[in-house]
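Reading through the structure tokens given below for one structure.
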Amino acid sequence: MNKRGEVKNLSKVIQDVFSQKHFRIGIDNVKVQDAWVKTMGENIQKYTFKVYYKRGVLYVKLKSSVLKEELTFEKEKVIKLINKELGKEYIKDLNLS
């Protein structure tokens with residue numbers, strides 16, 4: 001029950017909570033990180049030590065400068081593959097460091 005004594009449907013309450021901006025941002029971040037792992041595979045994941053998503057940009061910190069160069073050449077392809085995995089265009093740019 002809420003303050004007015006009205007009973008709310010649990011699924012509606014959950015939907016309301018998760019539609020709030022700060023939850024949505026966190027959920028999007030997790031989705032993008034999971035898509036990175038699925039798309040790039042274990043071999044590249046071994047050389048990745050930080051992945052995060054913010055305002056349309058996927059930031060990836062890599063342990064290998066050689067891998068960074070290779071992924072830089074394939075940047076547009078990587079963005080397309082990850083967005084395809086997500087089923088929506090979340091990523092507009094890829095920042096490799």
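If we keep just the residues of segment 35-53 that are touching an Asp or Glu at 6+ places or on another chain (Cβ under 9 Å) and closer than 14 Å to residue 71 by Cβ, which is surrounded by the fewest Cβ atoms within 10 Å (Cβ to Cβ)?
The residue in question is 39.
Inspect all residues belonging to segment 23-30 and state whether any of them is of a type in the set (Gly, Ala, Ser) and either at pLDDT 95 or above or crowded, with 16+ Cβ neighbours inside 10 Å (or both).
no
Condition first: at pLDDT 95 or above, assigned to a loop (DSSP other than H, G, I, E, B) and of a type in the set (D, E, K, R). Now tell me which residues in segment 40-87 satisfy that.
Result: 63, 74.
Kindly indicate whether residue 72 is out of contact with any Lys or Arg (no Cβ under 7 Å at 6 or more places or on another chain), on the phi < 0 side of the Ramachandran plot, loosely packed, with under 13 Cβ neighbours inside 10 Å and among the β-branched types (Val, Ile, Thr).
Yes: the conditions hold for residue 72.
The values are calculated or read from the model by the stated rules, or taken from the named source; none is laboratory data. Remember, predicted model here, so these are calculated numbers, not experimental data. In this analysis, Cβ positions are derived from the backbone assuming ideal geometry, glycine residues included, and neighbour counts consider all displayed protein chains.
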